[in-house]
1. Which residue, of ILE203, ILE184, ILE260, is in contact with a helix residue (DSSP H, G or I) (Cβ under 8 Å, 6 or more places away or on another chain), at pLDDT below 90 and of a type outside the set (Lys, Arg)?
2. Can you name every residue in the range 51-64 that is of a type outside the set (Asp, Glu), more than 19 Å from ASN36 (Cβ to Cβ) and outside any strand (DSSP E or B)?
3. Answer yes or no as to whether VAL123 is among the β-branched types (Val, Ile, Thr), out of contact with any His (no Cβ under 6 Å at 6 or more places or on another chain) and in a loop (DSSP other than H, G, I, E, B).
4. Would you check if there is a residue in the range 101-113 being buried (at least 18 other Cβ atoms within 10 Å of the Cβ) and of a type in the set (D, E, K, R)?
5. Condition check: surrounded by 11 or more Cβ atoms within 10 Å (Cβ to Cβ) and among the β-branched types (Val, Ile, Thr). Does VAL259 satisfy that?
6. If TRP140 satisfies all but one of (1) closer than 25 Å to THR97 by Cα; (2) surrounded by fewer than 18 Cβ atoms within 10 Å (Cβ to Cβ); (3) free of Cβ contacts under 8 Å to residues at least 60 places away in the same chain, what's the number of the condition it fails?
7. Suppose we filter the range 184-195 for residues that are surrounded by fewer than 15 Cβ atoms within 10 Å (Cβ to Cβ) and either among the hydroxyl-bearing types (Ser, Thr, Tyr) or closer than 21 Å to ASN36 by Cα (or both); how many remain?
Amino acid sequence: MKVVALIKQTPDTAELPKVSVDEARSGQIQTTMVINPWDEFAAEEAIQLADRLGATSVAISMGRPDQTDALKHALAMGIQSAVLVDEAVAAEGDEWTAAEALAQAIRLQGDDVQIVLAGKMSVDGNSGLIHVGVACKLGWSLLVNVTRIAEVADGRITVERSFEGGQEVVQVPLPVVISVAKEINEPRYPSFMGIRKANRAQIPVLGKDEIPISPAPPRARWENLRKPEQRTVQVKIIQGATPQEKAAGLVDALLAEKVI
């Protein structure tokens, strides 16, 4: 059996104050890139499941050929192998196209892939659509907000998942796509030896030859990305001998500015 963890490389939210826009590269955002925090829970669960079931764990991500930091982080955590899907495969496409590319990458891992794990969403897009699209493209069952994988046996998986107001136990046949909640585990820190091993790893890249798809035009796209215009703000202190005088002065100032 193989367990796949879907990984995305996203901007480091701790570095957001340092984000800049590179005007020379069509307004591309420049910042530190890391593994999507939600996907760390998926990677950790893939490692634990592989240990429990004697399975093989694989991390799959989509991005530019040089965007391997997230996959190397997963390898350093303990994922056994990693695959990168060149984002050019889904160029000019949207989440639906990305889901098709990832689904094909999963199929290329062989028929023994039975469980695909994903984070709840990504911190850059926040759509939460990719794992839904992947399940659709694969034709597999989909489980969301899973907080515990209780059992995998006899071709079926039993999980606990949360919903508004409580928890429920669900059992479905394999294969399955699962989006995990943060309550499912505590992601481990990569070990020093794991980091060294991951840095030496050669991660195969799947391109258009391996994943031939025809992206549909996206329904929405980001255009003319630029810095917001700088705004100047003036502060006016309302003077008065009493609270009543200050309140009256504030009302007069708001009326003058046509705020009220």
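1. Numbers: ILE203 fails: at pLDDT below 90; ILE184 fails: at pLDDT below 90.
Selected residue: ILE260, the only one of ILE203, ILE184, ILE260 that is in contact with a helix residue (DSSP H, G or I) (Cβ under 8 Å, 6 or more places away or on another chain), at pLDDT below 90 and of a type outside the set (Lys, Arg).
2. Initially, the range 51-64 is screened for residues of a type outside the set (Asp, Glu), giving 52-64.
When the remaining residues are screened for being more than 19 Å from ASN36 (Cβ to Cβ), the result is 52-56.
Across the range 51-64, the qualifying residues are ARG52, LEU53, GLY54, ALA55.
3. On the way: among the β-branched types (Val, Ile, Thr): yes; out of contact with any His (no Cβ under 6 Å at 6 or more places or on another chain): yes; in a loop (DSSP other than H, G, I, E, B): yes.
In short, yes.
4. Filtering the range 101-113 for residues buried (at least 18 other Cβ atoms within 10 Å of the Cβ) gives 101-106, 113.
Then keep just the ones that are of a type in the set (D, E, K, R); that gives none.
No: zero hits.
5. Details: surrounded by 11 or more Cβ atoms within 10 Å (Cβ to Cβ): no; among the β-branched types (Val, Ile, Thr): yes.
When the stated conditions are applied, VAL259 does not pass them.
6. TRP140 satisfies all of (1) closer than 25 Å to THR97 by Cα; (2) surrounded by fewer than 18 Cβ atoms within 10 Å (Cβ to Cβ); (3) free of Cβ contacts under 8 Å to residues at least 60 places away in the same chain except (2).
7. Within the range 184-195, the first condition is being surrounded by fewer than 15 Cβ atoms within 10 Å (Cβ to Cβ), and the residues that meet it are 186, 189, 191-193.
Narrowing the set further to residues that are either among the hydroxyl-bearing types (Ser, Thr, Tyr) or closer than 21 Å to ASN36 by Cα (or both) leaves 186, 189, 191-192.
Summing the residues that are surrounded by fewer than 15 Cβ atoms within 10 Å (Cβ to Cβ) and either among the hydroxyl-bearing types (Ser, Thr, Tyr) or closer than 21 Å to ASN36 by Cα (or both) in the range 184-195 gives 4.
The values are calculated or read from the model by the stated rules, or taken from the named source; none is laboratory data. Since the structure is predicted, the reported quantities are computational estimates derived from the model, not experimental observations. Every residue, glycine as well, gets a Cβ built from its backbone with ideal geometry; the counts of neighbours run over all protein chains shown.
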